[in-house]
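For reference, the structure discussed in these notes is given below.
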Amino acid sequence: MRSTRALRWTLVCLLAAALAGCTARPGAPDGGVPTAGHVDGSDPAGDGNRPADFGNGPAGDGDGPAGDSDGQAGPGKGDTGGESAPAAAEEAARGELTMLDCLQRFGLAGLGPAVQDLLQGLPSDELWQCVARTARADRAYRAAVAYDILVTGGERIDTSLPGYQAFARTTELDFGEARNLPAPDGWTLLDALPSPSGRYVAARLAGGGVGWWAVDGSAHERYDAAGYDLVWHPAEDQLAFISDGNRMHLVRPGGPVVHQVFEAPSDAPVRFPYWALQEWHAASGSSYPPGTVLVLADPEGEPEGLALRPDSGRWERFPAKQIFAPGSEVVFPAWLTQPWSAGSGDYLHVDRERGLVAYPNRGGSAYTFYQVPEDAEPVFLTWSPGAGFFAVVERREGRLAAQLLRASGDYRGEHFSIPLESADIAIWDDGVTAFTAAGQTVTAKNHLTGAERTWQVEGEVRGIRLGRHQLYIILADRLVAAPFTEATAVSAAPGAEHPADAAQK
């Protein structure tokens, strides 16, 4: 399997957790390639879903599974439940393997590489049970295994094995009752974007203009600017958008300063605003503190980087082409939608001559994520909430399809294709469940189990978005918000373990 070294690190920690009580750190580096979507192993948000420096994919809503706006953990977000030793004994009596059982039976040498054997058809139910057990404790491991099943097709796997079915169930989502979030009177939405906390919604409006409103109805404001590239700060209720080619708008709905406008020092249009969540280093050696807003000027022509310090209003320039492809032209076409992919400030770019999308490698070369087919037209790119996966929507012979890709450094070109009836798609963080729209119907489909959930709405679907545990369906006059939880108990904070494993200590 491609992430063998990372899986080995995971298994070492799980062994230590089972035998010596150490803290398990899913996806921690082993001097090799991180597991899917992992950056540095930290989880400042404490929700086990998205480190604060994970990247600038679609902004999360911050809601817990029940729609709590304070981001507190709820069921399915690391609630270990404090299961006792008798409960673990009852589990053993049912014939379920604990993590300690798995490590004792297969050892580290067996649990890591054996995943590839399972994908090739090894009919070991016990080993599948151990994969399922590990998946319940480590989301990154679960996503890596599930994605490999999708891209290989899983034809050789005996899906009737209880252990395999137990693993597949770890990828399922449980949905709650949907609720309406009405827009202010007189507003017609073209697109909308919830804030990280879920307290606010920003929108592009018909007839021009950008507005935001508080979900509880306490406040709203509209700006007469034909804005685009709306993006929330990943960890704060702070909005950025661009208008008039080079005017940067920063909005804090909660104050103290609500709306500021900064004019970029560029005659060329600027695109793709992005907040640096940690100190950001440019290729020129310059560095910028957290909170700096980065944009790309003339991204489809001669890209130039611009950095805005909101505290002082100062702009600085930096080289936009961090990675030069010898003899090739590096550009950032509009269909990339939001190219910034990690808190470090690295970004996806397009090598126009070779027709590929690449992600910078700090060693100087570039990882190829996506080869643009000669007979296909890319439409747009969308990230999962935690930026562990992304999908490129293509149009080929009048038909649409999304190519699902894994946003990790060891990506080698395999991808999973999802046919579409419209260009609207959102991907969950394990790369298994895709949300799509067709007419007045929105469908969530688990491509591993085939399970589906649908929502029928009244009116045209303008778009769909995913927060951390919330689906948002955008209509002309409102958003429909459907909360969900992951069906399995997944680690949500450093040191969290599955109850049955903790009971072994």
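Consider region 199-232. How many of its residues are hydrophobic (A, V, I, L, M, F, W, C), surrounded by fewer than 20 Cβ atoms within 10 Å (Cβ to Cβ) and within 21 Å of residue 272 (Cα to Cα)?
Here is the first cut: in region 199-232, the residues hydrophobic (A, V, I, L, M, F, W, C) are 201-203, 205-206, 210, 212-215, 219, 225-226, 230-232.
When the remaining residues are screened for being surrounded by fewer than 20 Cβ atoms within 10 Å (Cβ to Cβ), the result is 206, 214, 219, 225-226.
From the residues that got through so far, the ones that are within 21 Å of residue 272 (Cα to Cα) too are 225-226.
Matching residues across region 199-232 total 2.
Output the residue which, of all residues in region 113-143 that are within 17 Å of residue 154 (Cβ to Cβ) and among the β-branched types (Val, Ile, Thr), is modelled with the lowest pLDDT.
The residue in question is 115.
Checking the condition among the hydrophobic types (A, V, I, L, M, F, W, C) and either under 30 Å from residue 228 (Cα atoms) or not in a helix (DSSP H, G or I) (or both), which residue from 127, 190, 150 passes?
190
Considering only residues that are closer than 18 Å to residue 303 by Cβ and assigned to a strand (DSSP E or B), which ones fall in region 229-280?
Step one: filter region 229-280 for residues closer than 18 Å to residue 303 by Cβ, giving 229, 242, 245-246, 248, 264-274, 276, 280.
Across region 229-280, the qualifying residues are 229, 242, 248, 270, 271, 272, 273, 274, 280.
Any residue at all in region 174-181 that is under 27 Å from residue 255 (Cα atoms) and either in contact with an Asp or Glu (Cβ under 9 Å, 6 or more places away or on another chain) or aliphatic (A, V, I, L, M) (or both)?
Scanning region 174-181 turns up at least one residue that is under 27 Å from residue 255 (Cα atoms) and either in contact with an Asp or Glu (Cβ under 9 Å, 6 or more places away or on another chain) or aliphatic (A, V, I, L, M) (or both).
How many of the residues making up region 168-198 are among the charged types (D, E, K, R) and buried (at least 21 other Cβ atoms within 10 Å of the Cβ)?
Filtering region 168-198 for residues among the charged types (D, E, K, R) gives 169, 172, 174, 177, 179, 185, 191.
Retained after the next criterion (residues that are buried (at least 21 other Cβ atoms within 10 Å of the Cβ)): none.
Going through region 168-198 one residue at a time, the tally reaches 0.
Can you confirm whether residue 441 is over 19 Å from the mean Cα position of the chain (by Cα), over 30 Å from residue 157 (Cβ atoms) and without any contact (Cβ under 8 Å) to a residue 60 or more places away in the chain?
Numbers: over 19 Å from the mean Cα position of the chain (by Cα): yes; over 30 Å from residue 157 (Cβ atoms): yes; without any contact (Cβ under 8 Å) to a residue 60 or more places away in the chain: yes.
Yes; evaluated as a whole, the condition is true for this residue.
Restricting to region 151-165, name every residue that is more than 13 Å from residue 118 (Cβ to Cβ) and crowded, with 17+ Cβ neighbours inside 10 Å.
Answer for region 151-165, where residues must be more than 13 Å from residue 118 (Cβ to Cβ) and crowded, with 17+ Cβ neighbours inside 10 Å: just 151.
So how many residues does region 344-367 have that are modelled with pLDDT under 80, buried (at least 17 other Cβ atoms within 10 Å of the Cβ) and either in a loop (DSSP other than H, G, I, E, B) or polar (S, T, N, Q) (or both)?
3
Scanning region 368-384 for residues that are of a type in the set (Ser, Thr, Tyr) and either part of a strand (DSSP E or B) or at pLDDT below 80 (or both), which turns out nearest to residue 272 (Cα to Cα)?
Start the filter on region 368-384 by keeping residues that are of a type in the set (Ser, Thr, Tyr), which leaves 368, 370, 382, 384.
From what is left, the residues that are either part of a strand (DSSP E or B) or at pLDDT below 80 (or both) are 368, 370, 382.
Numbers: 368: 21, 370: 20, 382: 13 Å.
The residue in question is 382.
Which residues, counting only those in region 127-178, are β-branched (Val, Ile, Thr) and touching a residue at least 12 places away in the same chain (Cβ under 8 Å)? Please lay out each step first, then the result.
Taking region 127-178 and keeping what is β-branched (Val, Ile, Thr), we get 131, 134, 145, 149, 151-152, 157, 159, 170-171.
The answer is 131, 134, 145, 149, 151, 152, 157, 170, 171.
Every residue, every condition in (1) in contact with a Pro (Cβ under 6 Å, 6 or more places away or on another chain); (2) modelled with pLDDT of 95 or more; (3) crowded, with 20+ Cβ neighbours inside 10 Å, yes or no:
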residue	(1), (2), (3)
443	no, yes, no
449	no, no, no
452	no, yes, no
455	no, yes, no
466	yes, no, yes
475	no, yes, yes
483	yes, yes, yes
486	no, no, yes
494	no, no, no
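Does region 434-447 hold any residues that are within 21 Å of residue 379 (Cα to Cα) and hydroxyl-bearing (Ser, Thr, Tyr), and which are they?
436, 443
In region 385-414, how many are modelled with pLDDT under 85, more than 21 Å from residue 135 (Cα to Cα) and either among the charged types (D, E, K, R) or surrounded by 21 or more Cβ atoms within 10 Å (Cβ to Cβ) (or both)?
Residues in region 385-414 being modelled with pLDDT under 85, more than 21 Å from residue 135 (Cα to Cα) and either among the charged types (D, E, K, R) or surrounded by 21 or more Cβ atoms within 10 Å (Cβ to Cβ) (or both): 2 in total.
The values are calculated or read from the model by the stated rules, or taken from the named source; none is laboratory data. What you see is a predicted model; the values in this text were computed from it and never measured. FYI the Cβ positions are ideal-geometry reconstructions off the backbone, even for glycines, and counts take in every protein chain you see.
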